Amino acid sequence: MIKGIPSTVNDEWQLNLHKVIEYASKVHGEREIISDRRFQGGVLHNLNYRKIFHRISSFTNSLEKELNTKAGDIIGILGWNDHRYFESFFTVPSLGAVLLELNIRLHPADLLYILKHTRAKGLLVDDSLLPLAEALSKEYNFDYTIIMSDKPFEEIKTNIRNAFGYEELVKSGSPNRKFEEVDEKSTAFAAFTTGTTGLPKGVFYSHRSVVLHALNISRDLKPSDVILQAVPFFHVHGWGTQFAGAITGCKQIFPGRPTVDSMVEHILNHKVTRTAAVPTVVLELLRRIETMDPKPNLAGLRLGIGGAEPPSALVSALAKHGIETGQGYGATETGPVVVAAVAKPEFEQLPVEEKFKRLKQGLILFGVEVKVVDPVSGEELPWDGKSVGEIWFRGPWIARSYYNDPRSAESFTSDGWWKSKDLGVIDELGYVKLVDRLKDVVKSGGEWISSIDLENFLMAHPYVREASVVGVPHPKWGERPLAVVSLKPEYQSKDKEEVKKSLLDHLSKRFAKWQLPDDIVFVDEIPKTSVGKFRKEELRNKYKDYYMKQ
């Protein structure tokens, strides 16, 4: 590292999370925050950034003085997207402590592993999730548990020891607090990977990394935007949109435990301009919109899709209702967003589906370094849109190791690159296109076949609800693709051989004969991970002898 003349600016000013909400309170204090607690018999809370900041100040004082929370403590949270979870993103880290985002969809055994691995001191839990917290408390001793509820604490029945009411702590703490600066390299949040083989792996995110990430994605927002925060907060802190929204002064809607109906209600009632979700949720949202009469005009709504590549047919169908879609790419290890669908001038006037294809997963964000590496030779490949390799990332909000985990050596290089295990290309303009997961690409007769491309084209067929393609062992070709398809309800009674022929004819319009699946299996439901991705490992195990027996 080269060192020049020291600057005369305040480089010691720390990038802290509490400064984000303090700024929003002062500059955008009256901008609304809507928190929907009706799913648990609560109410629709109408708040704003100023009120939220006062509540954060009060609760932080109680955390520190009444519960002796201090720097270095790790506090787990089990909850939904509401104002209390949002406040916790600022209260716990402002003390130098860590908010541990516990994925409520994980098996309790995995949650116990995470708690023991991190030695969590306390727990924040939504009252709707008390049975889960009580089960965990039988196996793990928390110093204290704070129950988040609209009900008075005395009305909540639980056998958890050392339990406190969230609202009671807000009321007992002074609303006046002078927040101290925290070393910006201290951990603010922790999250653990899901859907991977073996035990979950932890990533600890610094204040600095979260703020820099939020500043980067906030450039795409305006104070007039209305954000529906549909991505679960426990999924890499909701992709960070709520922090970017606070920096920009956007109105924000936290839907609690959302349903498709409640999402549509908020979108229409509040004229939402920004939301994001994984493709499975977006597909359900589209189906709900298409049942409405009259059909709503949703022009002005921009919908970000991440977690997996959506089929282009879904993008076109959404566009008919005025919804603009864009992809992104990220992971637990990348904090999360590293590429986003930002259009360069040459793409602005393209038709919707063509534009979607040209933007691919997205353009590399500033601050993120990316390279394509041949997975066999380790050679760096050119950005030519053709050379397929494993995508590696490095940057200020990207992990360089897992928390106390020897598996770090498998995924990170000594100079800070994260090996994504995703195969892809980067074109000359800096747009990233994923071809497949390294473990999911089908290697047939020495040639690679993209399972993602097959899946997306299958899901463009009018009969298909969902489709997943996996490579399974084959006696001649090593591996061959097998398609696992769930049909829409209205087509489930059709003759399966007729449906299969229709699907293969459809695929033949895009793919060579050798790339087509050798067979198609029909199922009621395709198994998914906790964040809506297909469980391909489960499918590969289930059908591993499918072609070998034929």
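What do you reckon, is Tyr144 buried (at least 16 other Cβ atoms within 10 Å of the Cβ), closer than 27 Å to Glu180 by Cβ, among the hydroxyl-bearing types (Ser, Thr, Tyr) and in contact with a helix residue (DSSP H, G or I) (Cβ under 9 Å, 6 or more places away or on another chain)? Criteria not met by Tyr144. Scanning segment 100-145 for residues that are in contact with a strand residue (DSSP E or B) (Cβ under 7 Å, 6 or more places away or on another chain), in a helix (DSSP H, G or I) and among the charged types (D, E, K, R) returns a single hit, Asp127.
Taking segment 399-505 as the region of interest, the strands (runs of 3 or more DSSP E) fully inside it that hold 3 or more residues being touching a residue at least 60 places away in the same chain (Cβ under 8 Å) are 418-426, 431-437, 447-449, 464-474.
For every residue, the table says whether it meets (1) farther than 29 Å from Ala343 by Cβ; (2) basic (Lys, Arg); (3) touching a Ser or Thr at 6+ places or on another chain (Cβ under 9 Å).
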{"site": "Trp418", "(1), (2), (3)": "no, no, yes"}
{"site": "Lys421", "(1), (2), (3)": "no, yes, yes"}
{"site": "Ile426", "(1), (2), (3)": "no, no, yes"}
{"site": "Gly430", "(1), (2), (3)": "no, no, no"}
{"site": "Val435", "(1), (2), (3)": "no, no, yes"}
{"site": "Lys443", "(1), (2), (3)": "yes, yes, no"}
{"site": "Ser450", "(1), (2), (3)": "no, no, no"}
{"site": "Asn456", "(1), (2), (3)": "no, no, yes"}
{"site": "Val469", "(1), (2), (3)": "yes, no, yes"}
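Looking at segment 416-435, is at least one residue closer than 20 Å to Gly478 by Cβ, at pLDDT below 85 and touching a helix residue (DSSP H, G or I) at 6+ places or on another chain (Cβ under 6 Å)? Among the residues of segment 416-435, not one is closer than 20 Å to Gly478 by Cβ, at pLDDT below 85 and touching a helix residue (DSSP H, G or I) at 6+ places or on another chain (Cβ under 6 Å), which makes the answer no.
Does Leu111 satisfy being in contact (Cβ under 8 Å) with a residue 12 or more places away in the chain, crowded, with 21+ Cβ neighbours inside 10 Å and over 22 Å from the mean Cα position of the chain (by Cα)? In short, no. Scanning segment 81-99 for residues that are part of a loop (DSSP other than H, G, I, E, B) and either touching a Cys at 6+ places or on another chain (Cβ under 9 Å) or surrounded by fewer than 24 Cβ atoms within 10 Å (Cβ to Cβ) (or both) turns up Leu95, Gly96. Restricting attention to segment 1-18 and to residues that are crowded, with 20+ Cβ neighbours inside 10 Å and not hydrophobic (A, V, I, L, M, F, W, C), the residue that is farthest from Met263 (Cα to Cα) turns out to be Asn16. On the given criteria, is Gly76 part of a loop (DSSP other than H, G, I, E, B), more than 22 Å from Glu184 (Cβ to Cβ) and touching a strand residue (DSSP E or B) at 6+ places or on another chain (Cβ under 9 Å)? No.
The values are calculated or read from the model by the stated rules, or taken from the named source; none is laboratory data. Model, not experiment: these values are computed from the prediction. Reconstructed Cβ throughout: ideal geometry from the backbone, glycine too, with neighbour counts over all protein chains shown.
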